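Nothing in this text is a laboratory measurement; each read-out follows from the coordinates by a stated rule. Worth saying up front: this structure is predicted, and the values here are computed from it rather than measured. Note: ideal-geometry Cβ built from the backbone for every residue, glycine included; neighbour counts use all protein chains shown.
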Amino acid sequence: MICSLIERFRSWLREWVDASDEEYVEPIITHTPGVCGGRACVRGSRMPVWCLELFRRGGTSMQKLIDEYPHLTEDQIQAAWDYADSHSNEIEQDIRDQAMHDFNIRD
């Protein structure tokens, strides 16, 4: 019984060590203080998620966005749209805040 538990623990430990050796993958969508007001952006760019979401709502295709913004990849744009879907309250607030800023509206 004890040998079986020890063997299972060793097996789990080997799996855990192997999993922790995987390379860390940076997220595509980041919040960086001082970049776009700290709002969600595509990593390494100043392209805010709210902006890509507005393009999507307006019917802009993935290909059109790639043509207009060649520094963005399909994966980055899709990640922004996925982020907008899963963080809808945050992105809605960002859109409202930007509209208020653009039209110089104060609460």
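Before moving on, here are some points about what is shown:
- Its residue count N fixes a reference of 2.2 N^0.38 Å for segment 28-102, and the Cα radius of gyration divided by that reference is 1.01.
- Total charge dipole magnitude, segment 28-102, about the Cα centre, Cβ charges on Lys, Arg, Asp, Glu only, Debye to nearest 20: 140 debye
- 16 Å reach of a label modelled at ARG96, 7 Å along Cα-to-Cβ, counting backbone N of segment 23-55: 50
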